[in-house]
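K.L.:
Have a look at the structure that comes next, please.
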Amino acid sequence: AEEAKAHLLEFAAVNKIEIDYMPGQMSVAHKQRYVDDYKAHAEIMATRFGYPHISFMDARETAERLGSARYFGGTRDTGTGHIHPLKLVIGTAKVAAQAGAQLFEQTLATAIASVGGKVRVTTPKGTISAEKCLIGVNAHGGTLEPISAAHIMPIGSFIGATVPLGDSNVLPGGEAVDDSRFVVRYFRKSTDGRLLFGGREIYAVNDPKDIHVHIRRQIAELYPDLRDV
């Protein structure tokens, strides 16, 4: 995992990909009874795994670092961070194209099969042959790979963004945050100062039209001053 983090930052730097990297990740407890688990996690990571970058935060420090007093404690990891994922994807695609890779955008893969020692990917407009095939489709592979498909269920999660907040006490250190809810709330600030807030989930195919109402409500629970932002 440490090598993967270092590789990502090195890859972006060498290839001049602006990924908007911001250091820091906080995991916070929305109930008091979870606090001891977070404290134990920080201790185990340091003593058993030799990872010194995670520290425990009590309720006061958590409130200061989040700009919200709705959580009871948590951990802060200074050895990691968060990025702009789309910028990484676009930058990686450009690097691949420059290296000679052929990119087929907006092309639905309908089947994958091994033919003559190669892999053949079928699409509505033709087939693509390659020596190997890496299936990187998140939870949307359908029946492309039946074994894994039987264990995957797509879940929709939604993110809302505020206007740039300017001078604000919301996440003054710029860390990303996730909490202990079963339906996780996760949020961070962008490089231009917007709060990007994720929450809620659905198991249906169609996205709800009123999702913004739920995201606004969750933001307001943590940051009442942002109720109408």
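K.L.:
Given the -39500 (n - 2.57) contribution per DSSP H run of 4+ residues, what per-residue ellipticity at 222 nm results for the chain, rounded to the nearest 500 deg cm²/dmol?
P.N.:
-8500 deg cm²/dmol
K.L.:
Report the rotationally averaged projected area of the range 136-189 based on its alpha-carbon convex hull, in square nanometres.
P.N.:
About 5.7 nm², averaged over all directions.
K.L.:
Would you give the gap between the C-alpha center of the range 8-22 and the C-alpha center of the range 100-149, rounded to a whole Å?
P.N.:
28
K.L.:
Something else now. How far is it, in nm, from the label point at Ile202 to the one at Leu134 when both lie 7 Å from their Cα along the line to the Cβ?
P.N.:
Label at Ile202, label at Leu134, 3.2 nm between them.
K.L.:
Let me ask something else about it. How many angstrom lie between the Cα centre of the range 23-43 and the Cα centre of the range 194-229?
P.N.:
23
K.L.:
Over the range 1-97, calculate the relative contact order: mean separation of alpha carbon pairs under 8 Å at least 6 apart, over the residue count, as a percent.
P.N.:
38
K.L.:
Using the Kirkwood formula on the Cα atoms of the chain, what hydrodynamic radius do you get, in angstrom to one decimal?
P.N.:
Computed over the chain, the radius equals 20.6 Å.
K.L.:
Related question: Can you give the % of DSSP beta bridges in the chain that are antiparallel, to the nearest 5?
P.N.:
Taking every DSSP beta bridge within the chain, about 90 percent pair in antiparallel fashion.
K.L.:
Moving on. Jot down the radius of gyration and Dmax of the range 6-128, Cα atoms only, both in angstrom.
P.N.:
21.9, 63
K.L.:
Please return the longest range in the chain lying between exposed loop sites, taking GluC sites (Glu not before Pro), DSSP loop only, at most 14 other beta-carbon atoms within 10 Å, and leaving the sites out.
P.N.:
No qualifying site falls inside 132-229, the longest such stretch.
K.L.:
Under 17 Å from a label point 7 Å along Cα→Cβ of Arg70: give me every residue in the range 178-202 with its amide N that close.
P.N.:
178-189, 195-201
K.L.:
Here's something else I'd like to know. Eight or more residues apart or on different chains, and alpha-carbon atoms under 21 Å: count the Lys pairs in the chain matching that.
P.N.:
For the chain, qualifying lysine pairs total 10.
K.L.:
From the alpha carbon gyration tensor of the range 68-182, can you work out the equivalent ellipsoid semi-axes (sqrt of 5 times each eigenvalue) and give them in Å, largest to smallest?
P.N.:
39, 20, 14
K.L.:
Which log10 I(q)/I(0) values does the range 139-229 give at q = 0.15, 0.21, 0.23 Å⁻¹ under the Debye formula, counting every alpha carbon as one identical point scatterer?
P.N.:
The Cα Debye sum returns log10 ratios of -0.66, -1.03, -1.15.
Read the figures in this text as sums done on the coordinates, not as results from a lab. Fair warning: this is a prediction, and the values are worked out from it, not measured in the lab. We place every Cβ from the backbone using ideal geometry, glycine too, and count neighbours over all the protein chains shown.
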